[in-house]
Ligand SMILES: Nc1ncnc2c1ncn2[C@@H]1O[C@H](COP(=O)(O)OP(=O)(O)O)[C@@H](O)[C@H]1O
Ligand SMILES: [Mg+2]
């Protein structure tokens, strides 16, 4: 299978509550960029957790591509940008950005150079030696995005990545996430309320209770 992820007729409910959504069909290929919008509470973050394989839906099937290389973990090539942020406060910004690549076995020097390059692209290079806990919400959001890019994943899953950013910074983030030229550009699925972010993606869907409607 060449697609990274396919969702076929996916639906879900939590416990005995009414069905959150049903009938979701979505295929994500290499280098695709896909935006998902929709009202608060419709299930966007839940759907993203299914796409990333960290949770399973009640209905339908989610298929992930097989490892690109022998011995590689299926999910090692997915990077997350989470709404809550997931930085280590006592570590430097540089360490936070480089960490996933180092944990994946990359040499520290190589990981640090790559971290510096993406930090510069996102305008946070002056913060590289600061502890993450001293940063503002918007700066932390950019650290989280820099980290996802620095690990050179096949797929980035981003939940409201520009929620705390001003318009100019948001444009910088979109350029960093979507602007790399193939074959290096990861596929990106972004949940967003920002129509400019959605319009920058190749495909834009609205999540409703009955499935994804393409714009
Ligand atoms: N683990 C859970 N258990 C029960 N209900 C949940 C759980 N996670 C999310 N929900 C509920 O499911 C609905 C959709 O949540 P979510 O996917 O976070 O929506 P969105 O990201 O579109 O705002 C919300 O009403 C939320 O309260
Ligand atoms: Mg959400």
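The values are calculated or read from the model by the stated rules, or taken from the named source; none is laboratory data. All figures in this text were calculated on a predicted structure; none of them were measured in a lab. Positions of Cβ are backbone-derived with ideal geometry, glycine not excepted, and every protein chain shown enters the neighbour counts.
If residue 28 satisfies all but one of (1) at pLDDT 95 or above; (2) within 12 Å of ligand 1 (Cβ to nearest atom); (3) within 30 Å of residue 122 (Cβ to Cβ); (4) touching a strand residue (DSSP E or B) at 6+ places or on another chain (Cβ under 6 Å), what's the number of the condition it fails?
With (1) at pLDDT 95 or above; (2) within 12 Å of ligand 1 (Cβ to nearest atom); (3) within 30 Å of residue 122 (Cβ to Cβ); (4) touching a strand residue (DSSP E or B) at 6+ places or on another chain (Cβ under 6 Å) applied to residue 28, the lone miss is (2).
Pairs needed: first member in segment 42-57, more than 11 Å from residue 10 (Cα to Cα) and free of Cβ contacts under 8 Å to residues at least 12 places away in the same chain; second member anywhere, more than 13 Å from ligand 2 (Cβ to nearest atom) and in a loop (DSSP other than H, G, I, E, B); C-beta distance under 8 Å; at least 6 residues apart or different chains.
Partner pairs satisfying both residue conditions: 49/55.
Return the residues of segment 119-168 that are more than 16 Å from the chain's Cα centre (by Cα), more than 15 Å from residue 87 (Cα to Cα) and not in a loop (DSSP other than H, G, I, E, B); say none if nothing qualifies.
Listed by number, the residues that qualify are 120, 121, 125, 126, 167, 168.
Check whether at least one residue in segment 172-181 is buried (at least 20 other Cβ atoms within 10 Å of the Cβ) and assigned to a loop (DSSP other than H, G, I, E, B), and report yes or no.
no
Which number in (1) within 17 Å of residue 79 (Cβ to Cβ); (2) within 16 Å of ligand 2 (Cβ to nearest atom) marks the one condition that residue 148 misses?
With respect to (1) within 17 Å of residue 79 (Cβ to Cβ); (2) within 16 Å of ligand 2 (Cβ to nearest atom), residue 148 is out only on (2).
Within segment 186-193, does at least one residue satisfy the condition of being part of a strand (DSSP E or B), away from ligand 1 (no atom under 16 Å from the Cβ) and without any contact (Cβ under 8 Å) to a residue 60 or more places away in the chain?
no
Can you go through 169, 162, 192 and tell me which one is within 16 Å of ligand 2 (Cβ to nearest atom), modelled with pLDDT under 95 and in contact with a helix residue (DSSP H, G or I) (Cβ under 8 Å, 6 or more places away or on another chain)?
162
Would you pick out the residues in segment 43-64 that are surrounded by 14 or more Cβ atoms within 10 Å (Cβ to Cβ) and more than 9 Å from ligand 2 (Cβ to nearest atom)?
47, 49, 50, 51, 52, 53, 57, 59, 60, 62, 63, 64, listed by residue number.
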